[in-house]
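Novice: Shown below is the structure under consideration.
Taken together, the values in this text are just the output of simple stated rules run on the coordinates, not laboratory data. What you see is a predicted model, and the numbers here were worked out from it, not measured in a lab. Here the Cβ positions follow ideal geometry from the backbone for every residue, glycine too, while neighbour counts run over all protein chains shown.
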Amino acid sequence: MTSSEFESAGLVGADASTDSRIPSDAAADGSTDRAAAESRSAASRGAIANWAATGRVSDLPGWLAREIAPIQDEATERSLDVELVERRSGFGLVRTMVVRGAARLPDDAFEDAVRRGYGRLLEGIQPTHLLRVWNFIPRIEADADDGVRDRYMVFNAGRHRGFDDAFGRVAWFPAASGVGHAGDAVVVHLLHGEAEVEPVDNPRQVPPEAYSARFGHPTPVFARAARVRWSDRVGLLVSGTASVVGEDSRHDDFEHQLEETLRNLEVVVDQGWPGASPADLDDWLVYLPNPLRADRVRAAIASRWPERSLRIVCRGQRLCRRDLQVEIECAGLRPAEDDHR
């Protein structure tokens, strides 16, 4: 279904914090009560523990969530196990795909559900209009049934084939984050619209589509960042970034991983906005398997750029590799007239 068809059918949703049709994933055994208590404890230390995606606006980073009108005409398209909602924002349209019960699916069915879901998510959108994607994957680190892959690799196979189904071969893929969450649904948010977008590479890292078979086949597909120009402003949207050099995870301890992650952010930001630093991107989202480390992240950032006040949200979420301990995404915006690149 195209975006215009979403409009004409009324399939443009509101901030789903009041949308009972896209509820949060809740366990029947009372574990949500324990998770809530743990979340409150971690929140007091500056993080959200056991965070679960719901398909609502609150899943999104602040720079985008703040631009989504709180009240819009609501409707949801449903087909079998996939739900789609589209919302207007100041940066374009945000299309959300939710695959319920994905955590319980065997690998073949999981891959197929992701493939079909991505096919519908991308339907009717020009590949040059793909601006940014957020993927929230249940049981992301769990072993796959074949004993070789993990569930993230299975997800990647479905995502890659969904892109192939929609576009065939494309010149580049959008910036994206792919992390775990405590719910049982696959939740994907896609920002798309008419803007000039240019992918940004990190010369310290292998492009994901060139990863070796150690990381699954087909490979992950995303750009390290995207430079986006709208009519009135420009943005640098940095994908989830971790302690990866080449294609390999680096360091066993948290402090060195955090340092390597910040170094990668410095390099990719300079590639996208020459002369800029990550501190020029003032909206940060930090993913932590151990949310009690949030204060250490904040302290490291404050020490590195003491003159800057950044919006930093930390959430307790598993990452795409078991050996990674921190992942950071960030975004910055400038008035179009201030972009002299």
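Novice: Just add up the charged neighbours of GLY162: K/R +1, D/E -1, any other residue whose Cβ is under 9 Å from the Cβ of GLY162.
Specialist: Numbers: positive: ARG115, ARG116, ARG120, ARG159, ARG161; negative: ASP164, ASP165.
Residues near GLY162 contribute +3 overall.
Novice: Next question, about the same structure. How would you rank 238-250, 207-219, 320-332, highest first, on the average number of other Cβ atoms within 10 Å across their residues?
Specialist: Numbers: 238-250: 20.5, 207-219: 15.1, 320-332: 22.3.
The densest-packed peptide leads the list: 320-332, 238-250, 207-219.
Novice: Starting from the amide H of ALA176, placed 1.01 Å from N in the peptide plane, find each other amide H under 5 Å away whose residue is 5 or more places distant or on another chain.
Specialist: Result for ALA176 returns VAL133, ALA223, SER239, GLY240.
Novice: Any idea how far the Cα center of segment 91-145 sits from the one of segment 178-249, in Å?
Specialist: Taking the Cα centre of each part, segment 91-145 and segment 178-249 sit 14 Å apart.
Novice: Hey, for a label at ARG169 modelled as a point 7 Å past Cα toward Cβ, could you say which residues of segment 105-148 have their backbone N under 18 Å away?
Specialist: Residues passing the 18 Å test: 127-128.
Novice: Now, a different point. log₁₀ I(q)/I(0) of segment 150-225 at q = 0.11, 0.16, 0.19 Å⁻¹, via Debye over equal Cα point scatterers, no solvent, to two decimals?
Specialist: Here log10 of I(q) over I(0) equals -0.31, -0.67, -0.94.
Novice: So what are the three principal axis dimensions of segment 69-180 from its Cα atoms, in whole Å, longest to shortest?
Specialist: Extents along the principal axes: 44, 32, 23 Å.
Novice: In what sequence, highest mean first, do 57-65, 133-141 appear when ranked by Cβ atoms within 10 angstrom? Kindly include the intermediate steps, with their values, before the conclusion.
Specialist: On the way: 57-65: 19.4, 133-141: 24.6.
The densest-packed peptide leads the list: 133-141, 57-65.
Novice: Further, regarding this structure: Rank-order 305-316, 154-165 by packing density, defined as the average count of other C-beta atoms within 10 Å over each peptide's residues, highest first. Walk me through the numbers before you get to the answer.
Specialist: On the way: 305-316: 15.8, 154-165: 23.0.
Packing proxy ranking, top to bottom: 154-165, 305-316.
Novice: Can you compute 3J(HN,Hα) from phi for each residue in segment 180-190, using the Karplus curve 6.51 cos²θ - 1.76 cosθ + 1.60 with θ = phi - 60°, rounded to whole Hz and x for Gly and Pro?
Specialist: x, 7, 8, x, 10, 9, 7, 10, 10, 10, 10
Novice: State the percent of C-alpha pairs, over all pairs in segment 220-288, separated by a distance greater than 16 angstrom. The partial results should precede the final answer.
Specialist: Details: 1203 of 2346 pairs.
Result: 51 percent of Cα pairs exceed 16 Å.
Novice: Pairs of alpha-carbon atoms within less than 8 angstrom and 6+ residues apart define the contacts here; what relative contact order does segment 280-341 have, in percent? Intermediate results must be reported in sequence, preceding the final value.
Specialist: On the way: 79 pairs, mean separation 32.6, N = 62.
Reported as a whole number, the value is 53 percent.
Novice: Using the Karplus curve 6.51 cos²θ - 1.76 cosθ + 1.60 with θ = phi - 60°, work out ³J(HN,Hα) for each residue of segment 283-294 in order, rounded to whole Hz, and write x for Gly and Pro.
Specialist: Those phi angles translate into 10, 10, 10, 10, 9, 9, x, 10, x, 5, 8, 4 Hz.
Novice: Could you derive backbone 3J(HN,Hα) for segment 149-164 from the dihedral phi with the Karplus parameters 6.51, -1.76 and 1.60 (θ = phi - 60°), listing whole Hz in sequence and x where the residue is Gly or Pro?
Specialist: Here the 3J(HN,Hα) series is 8, 10, 5, 5, 5, 5, 4, 4, 4, x, 4, 4, 6, x, 5, 4 Hz.
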